[in-house]
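Down below is the structure, laid out as structure tokens.
The values are calculated or read from the model by the stated rules, or taken from the named source; none is laboratory data. Everything quoted here is computed from the prediction, not taken from an experiment. Here the Cβ positions follow ideal geometry from the backbone for every residue, glycine too, while neighbour counts run over all protein chains shown.
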Ligand code: 13P
């Protein structure tokens, strides 16, 4: 893994804090959340966590357990979805103020499973993102092309359109308040992650679009993390890339041992990229 991390790749990312995050999807009930946190704390004692930004996204019903268990830090918590309105007749939904009250600092928006199975669109995501920022939550905005988009050579056009739609209402000063997550839809829950070459090109395209639309300062500051079949074996080469500011992990971090291994991967990359750990 260390050999995969080249100093030259890392120069541009030197000032951005690296992220090691996991979305649990529909896994880990409250009891499992408490066990996960207890084991993670034991494992974190042996790692250099320093200035890494760490967060887990449990299901709604585990947020209270997670908020209590992770209260000592450094792992923050967030939700996997929210409604765009603050309150009202929206049966089954949860709002941004409710997430804040539950102890969330983050909210994930536009995950491919929400788009594929729950009919979400980037127009709706824009409204959710506006509400999240208004309430002080950090939106994690997922961007990703389908396999069909990739084959047709329109991945970057699709990513730029998603970015432009979701962030349409935001001024340049707010862009870095969000975290962008490049998650190719064909690489989520798959056998393998996207290749470092593919990821480098897409992250570069996303950052270039931020620069075109919101300016160089926003582009230099915004974090773009990668998600999709990340493991301890492939994560080092991905987080080493200049425009990759962290890893967003599903299956490989649903256990505390797995998440600790991913934190270790990101911590090593931070050392080599010159981000303090
Ligand atoms: P996997 O790591 O299980 O492919 O899931 C990734 C993901 O959905 C990140 O949001």
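Please work out which residue is nearest to the ligand (Cβ to nearest atom), limiting yourself to region 21-36 and to residues that are farther than 19 Å from residue 111 by Cα and crowded, with 22+ Cβ neighbours inside 10 Å.
So the first thing to find is which residues in region 21-36 are farther than 19 Å from residue 111 by Cα, and the list is 29-36.
Retained after the next criterion (residues that are crowded, with 22+ Cβ neighbours inside 10 Å): 33, 36.
Details: 33: 18, 36: 16 Å.
Filtering region 21-36 for residues that are farther than 19 Å from residue 111 by Cα and crowded, with 22+ Cβ neighbours inside 10 Å, the one nearest to the ligand (Cβ to nearest atom) comes out as 36.
If you scan region 82-116, which residues turn out to be crowded, with 19+ Cβ neighbours inside 10 Å and under 13 Å from the mean Cα position of the chain (by Cα)?
106, 107, 108, 109, 110, 111, 112
If I ask for residues that are in a loop (DSSP other than H, G, I, E, B) and loosely packed, with under 15 Cβ neighbours inside 10 Å, which ones from region 54-73 would you list?
71, 72, 73 - these are the residues of region 54-73 that are in a loop (DSSP other than H, G, I, E, B) and loosely packed, with under 15 Cβ neighbours inside 10 Å.
Name the pairs: first residue in region 176-187 and on the phi < 0 side of the Ramachandran plot and touching a residue at least 24 places away in the same chain (Cβ under 8 Å), second residue near the ligand (Cβ under 10 Å from one of its atoms) and in a helix (DSSP H, G or I), Cβ to Cβ under 7 Å, at least 6 apart or on different chains?
Every condition considered, the pairs that remain are 183/112; 185/112.
Scan region 243-277 residue by residue and report those that are crowded, with 24+ Cβ neighbours inside 10 Å, touching a strand residue (DSSP E or B) at 6+ places or on another chain (Cβ under 7 Å) and closer than 22 Å to residue 207 by Cα.
The answer is 244, 245, 246, 247, 248, 249, 266.
Test of understanding: among 88, 73, 92, which residue is within 23 Å of residue 254 (Cα to Cα) and free of Cβ contacts under 8 Å to residues at least 12 places away in the same chain?
73
Quick check: anything in region 131-143 without any contact (Cβ under 8 Å) to a residue 12 or more places away in the chain and out of contact with any strand residue (DSSP E or B) (no Cβ under 6 Å at 6 or more places or on another chain)? Give the steps one after another, and end with the answer.
Here is the first cut: in region 131-143, the residues without any contact (Cβ under 8 Å) to a residue 12 or more places away in the chain are none.
No: region 131-143 contains no residue that is without any contact (Cβ under 8 Å) to a residue 12 or more places away in the chain and out of contact with any strand residue (DSSP E or B) (no Cβ under 6 Å at 6 or more places or on another chain).
Name every residue in region 205-220 that is touching a helix residue (DSSP H, G or I) at 6+ places or on another chain (Cβ under 6 Å) and within 21 Å of residue 18 (Cβ to Cβ), in order of residue number.
Within region 205-220, 205, 206, 207, 210, 211, 218, 219 qualify.
Each row is one residue, and each column tells you yes or no for (1) in contact with a strand residue (DSSP E or B) (Cβ under 8 Å, 6 or more places away or on another chain); (2) in contact (Cβ under 8 Å) with a residue 40 or more places away in the chain.
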{"site": "16", "(1), (2)": "yes, yes"}
{"site": "25", "(1), (2)": "no, yes"}
{"site": "55", "(1), (2)": "yes, yes"}
{"site": "69", "(1), (2)": "no, no"}
{"site": "78", "(1), (2)": "yes, yes"}
{"site": "97", "(1), (2)": "no, no"}
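Within region 89-141, considering only helices (runs of 4 or more DSSP H) that don't extend past its boundaries, which have at least 2 residues that are more than 16 Å from the ligand (Cβ to nearest atom), at pLDDT 95 or above and farther than 22 Å from residue 20 by Cβ?
Helices (runs of 4 or more DSSP H) meeting the threshold: 96-101, 122-134.
Give me the residue from region 154-192 that is away from the ligand (no atom under 16 Å from the Cβ) and under 25 Å from residue 235 (Cα atoms) and, out of that set, surrounded by the fewest Cβ atoms within 10 Å (Cβ to Cβ).
Looking at the filtered set, the residue picked out is 177.
Take the conditions in a helix (DSSP H, G or I) and either modelled with pLDDT of 95 or more or touching a helix residue (DSSP H, G or I) at 6+ places or on another chain (Cβ under 8 Å) (or both) and apply them to residue 51. Does it pass? Quick ask: steps written out before the conclusion?
Values: in a helix (DSSP H, G or I): no; either modelled with pLDDT of 95 or more or touching a helix residue (DSSP H, G or I) at 6+ places or on another chain (Cβ under 8 Å) (or both): yes.
Considered against the rule, which asks whether it is in a helix (DSSP H, G or I) and either modelled with pLDDT of 95 or more or touching a helix residue (DSSP H, G or I) at 6+ places or on another chain (Cβ under 8 Å) (or both), residue 51 comes out as no.
If a residue must be more than 13 Å from the ligand (Cβ to nearest atom), in contact with a helix residue (DSSP H, G or I) (Cβ under 8 Å, 6 or more places away or on another chain) and either closer than 25 Å to residue 163 by Cβ or free of Cβ contacts under 8 Å to residues at least 60 places away in the same chain (or both), how many such residues does region 221-260 contain?
11
Residue by residue through region 117-138, note down the ones that are within 20 Å of residue 161 (Cβ to Cβ) and crowded, with 20+ Cβ neighbours inside 10 Å.
If the condition is that a residue be within 20 Å of residue 161 (Cβ to Cβ) and crowded, with 20+ Cβ neighbours inside 10 Å, then 122, 125, 126, 128, 129 are the ones that fit.
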